[in-house]
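Q: One structure is given below, represented as structure tokens, and several questions about it will come after.
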Amino acid sequence: MVEADVYPDFSAVTGGQLQLILGALLTIVLVVAVLMILICAIVWAVSSSHGNHTAVSKAKTGLWVGIGAAALAGAGVTWLNFLISLGDRL
């Protein structure tokens with residue numbers, strides 16, 4: 001039986017292209033998260049003034065989800081930069 005060595009082809013996407021692709025995706029996530037925070041804050045304020053407690057609770061949940069998404073996307077930038085620098089050293 002013949003054994004063949006199979007390895008992934010890392011030359012398909014270079015580090016520069018990978019940084020551009022992931023940087024663009026993280027930017028889109030941050031923009032959507034900030035828009036979600038703004039919209040949920042507005043809905044929370046309007047619903048609170050009109051006494052709609054169901055919409056207030058959903059807006060609070062959406063606000064926390066938006067904050068969490070923005071925090072994770074920001075941390076993702078740091079994590080991505082760490083992994084790219086680690087890959088250069090390997």
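Q: Would you be able to tell me the number of residues in the range 35-53 that are surrounded by 15 or more Cβ atoms within 10 Å (Cβ to Cβ) and either outside any helix (DSSP H, G or I) or hydroxyl-bearing (Ser, Thr, Tyr) (or both)?
A: 1
Q: Considering (1) at pLDDT below 75; (2) of a type outside the set (A, V, I, L, M); (3) surrounded by 12 or more Cβ atoms within 10 Å (Cβ to Cβ), say which one Glu3 fails and leave the rest.
A: Exception for Glu3: condition (3).
Q: Kindly evaluate Thr61 against the criterion of being at negative phi and within 21 Å of the chain's Cα centre (by Cα). Before you say what the answer is, go through the steps one by one.
A: Values: at negative phi: yes; within 21 Å of the chain's Cα centre (by Cα): yes.
Here the answer is yes, as Thr61 does meet what is asked.
Q: Restricting attention to the range 12-26, report how many residues are surrounded by fewer than 11 Cβ atoms within 10 Å (Cβ to Cβ) and at pLDDT 65 or above.
A: 3
Q: Name the pairs whose Cβ atoms lie under 7 Å apart, with the first residue in the range 65-90 and closer than 19 Å to Ala24 by Cβ and β-branched (Val, Ile, Thr), the second part of a helix (DSSP H, G or I) and at pLDDT 80 or above, and 6 or more positions between them or separate chains?
A: Hits for this filter: Val77/Leu26.
Q: Is it fair to say Val56 is modelled with pLDDT of 95 or more, in contact with a helix residue (DSSP H, G or I) (Cβ under 8 Å, 6 or more places away or on another chain) and surrounded by 12 or more Cβ atoms within 10 Å (Cβ to Cβ)?
A: Answer is yes for this residue.
Q: What are the residues in the range 27-40 that are touching a helix residue (DSSP H, G or I) at 6+ places or on another chain (Cβ under 6 Å) and of a type in the set (A, V, I, L, M), if any?
A: Those that are touching a helix residue (DSSP H, G or I) at 6+ places or on another chain (Cβ under 6 Å) and of a type in the set (A, V, I, L, M): Val29, Leu30, Ala33, Met36, Ile37.
The values are calculated or read from the model by the stated rules, or taken from the named source; none is laboratory data. Quantities reported herein were computed from a predicted structural model and do not represent experimental measurements. Note that we place each Cβ from the backbone using ideal geometry, even for glycine, and neighbour counts take in every protein chain shown.
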